[in-house]
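Peer 1: Following this message is one structure expressed as structure tokens.
All of the numbers you see were taken from the coordinates with simple rules; none came from a lab. This one's a predicted model, so the numbers in the text were calculated from it and none came from an experiment. A quick note on method: Cβ atoms are made from the backbone with ideal geometry, for glycine too, and the neighbour counts reach across all protein chains shown.
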Amino acid sequence: MRITPASDSALLVTFDDRVSLEAHTRVIALFRAFEQRHDQRVRNLHPAYASLLIDFDPLSATHQELESLVLSLSSKLETPEVLTSDLIEIPVCYDPEFAPDLANVAEHLRLSPEQVVTLHATGQYYVYFLGFSPGFAYLGGLPQALRVPRLATPRTLVRAGSVGLAGEQTGIYPNDSPGGWQLIGRMAKDAAELWDVDRDPPVLLRPGMWVQFRAVSEGVRS
């Protein structure tokens with residue numbers, strides 16, 4: 001574990017130099033330990049693949065004080081518990097009208113569209129972190145057979161609920177937005193909102209959770 005100042009009001013805790021589930025479980029364990037403290041000196045926490053950025057109030061704490069707290073909390077972490085998080089199932093319609101890149105993805109991977117859907121819907125995916133837009137979860141664990149590059153030219157508009165692939169990840173767009181991931185489906189209309197400001201917390205998916213997709217044929221969100 002490395003602890004380094006990231007700015008005059010931030011501390012970066014790095015657990016590894018590569019992406020691994022083992023490193024990320026330590027990230028999430030420390031992230032949750034800080035959440036449970038409700039320390040008013042900490043303004044925000046930003047978990048990533050193998051690191052945690054701690055944004056703090058420089059008028060009420062120093063880098064040295066936060067580093068001491070990190071070391072104290074890290075010595076008590078129980079990372080195996082992170083992997084027992086509940087599995088959230090999300091219904092997805094993979095029909096061609098909601099999957100504009102499915103045929104190209106299948107051709108690129110030398111699979112049939114049906115094989116792409118089956119592989120995607122039978123996997124279990126780990127929420128590494130949120131970013132890009134509110135509620136957008138980066139999901140790791142995509143099978144090697146489904147790994148494709150991003151689009152050469154991003155779309156100016158991707159509909160909310162669209163499910164995409166990019167590199168080693170899959171993800172769901174929570175809101176209408178631009179995007180460059182390859183779209184292979186869209187959430188069903190009865191799926192829970194990924195981002196809801198009236199919910200506490202507003203996000204459905206949080207780092208450390210597991211996600212599984214379920215193929216459905218009913219309608220999607222308009």
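Peer 1: Relative contact order for the chain: what is it in percent, counting Cα pairs under 8 Å that are at least 6 residues apart? Spell out each step's value before the answer.
Peer 2: On the way: 463 pairs, mean separation 46.6, N = 222.
Relative contact order here is 21 percent.
Peer 1: Counting only residues 5 or more places away or on other chains, whose amide H sits under 5 Å from the amide H of residue 171 once H atoms are built in the peptide plane?
Peer 2: 164
Peer 1: Quick one: length gained pulling residue 176 to residue 200 fully straight, 0.36 nm per residue minus the C-alpha distance? All intermediate terms of the calculation are to be shown ahead of the outcome.
Peer 2: Values: separation 24, 0.36 × 24 = 8.64 nm, distance 2.17 nm.
Here the answer is 6.5 nm.
Peer 1: Just to compare against my own numbers: the Cα pair-distance distribution for the range 99-157, 5 Å bins, whole % per bin, please.
Peer 2: The calculated distribution, bin by bin, is 4, 15, 22, 23, 23, 12, 2.
Peer 1: Here is a follow-up. What is the dipole size for the range 87-216, taken about its Cα centre, with +1 at each Lys and Arg Cβ and -1 at each Asp and Glu Cβ, in debye to the nearest 20?
Peer 2: Using only the charged Cβ atoms, the result is roughly 300 debye.
Peer 1: Residue-wise, which Karplus ³J(HN,Hα) couplings in Hz belong to the range 133-142, taking 6.51 cos²θ - 1.76 cosθ + 1.60, θ = phi - 60°, and x for glycine or proline?
Peer 2: Karplus-based 3J(HN,Hα) across the range 133-142 equals 8, x, x, 7, 9, 8, 9, x, x, 5 Hz.
Peer 1: Also: Mind ordering 179-186, 15-22 by average Cβ neighbours within 10 Å, highest first?
Peer 2: So the order, starting with the most tightly packed, is 179-186, 15-22.
Peer 1: Using 0.36 nm per residue of separation minus the Cα-Cα distance, give me the extension gain between residue 115 and residue 41 in nm, one decimal.
Peer 2: Result for the pair: 21.6 nm of gain on full extension.
Peer 1: Amide H neighbours of residue 158 under 5 Å, at least 5 residues apart or on other chains, H built in the peptide plane: list them.
Peer 2: 177, 179
Peer 1: Go ahead and estimate [θ] at 222 nm for the chain from helices alone: -39,500 (n - 2.57) per DSSP H run with n ≥ 4, summed, over the residue count, rounded to 500.
Peer 2: -6500 deg cm²/dmol
Peer 1: Using the Cα centre as the reference, give the magnitude of the dipole from point charges on the C-beta atoms of the chain (Lys, Arg: +1; Asp, Glu: -1; all else neutral), rounded to the nearest 20 debye.
Peer 2: 320
Peer 1: I'd like the Karplus ³J(HN,Hα) series for the range 46-58: coefficients 6.51, -1.76, 1.60, θ = phi - 60°, whole numbers in Hz, and an x wherever there's a Gly or Pro.
Peer 2: Per-residue couplings from phi come out as 10, x, 10, 4, 9, 8, 10, 9, 10, 9, 10, 7, x Hz.
Peer 1: Using θ = phi - 60° and the Karplus relation 6.51 cos²θ - 1.76 cosθ + 1.60, list the HN-Hα couplings for the range 180-190 in order, rounded to whole Hz, with x at every Gly or Pro.
Peer 2: Going residue by residue, I get x, 7, 7, 8, 10, x, 8, 4, 5, 5, 8 Hz, with x marking Gly and Pro.
Peer 1: What is the log10 of I(q)/I(0) for the range 2-84, computed with the Debye formula using one identical point scatterer on each Cα and no solvent, at q = 0.11, 0.15, 0.19 Å⁻¹?
Peer 2: For the range 2-84, the Cα-only Debye profile gives -0.26, -0.48, -0.77.
Peer 1: Direction-averaged shadow area of the convex hull around the Cα atoms of the chain, nm²?
Peer 2: Numbers: hull surface 52.3 nm².
Approximately 13.1 nm², given one-decimal rounding.
Peer 1: Please list, by residue number, everything in the range 125-155 whose backbone N is under 12 Å from a paramagnetic label point 7 Å out along Cα→Cβ of residue 104.
Peer 2: 149-155
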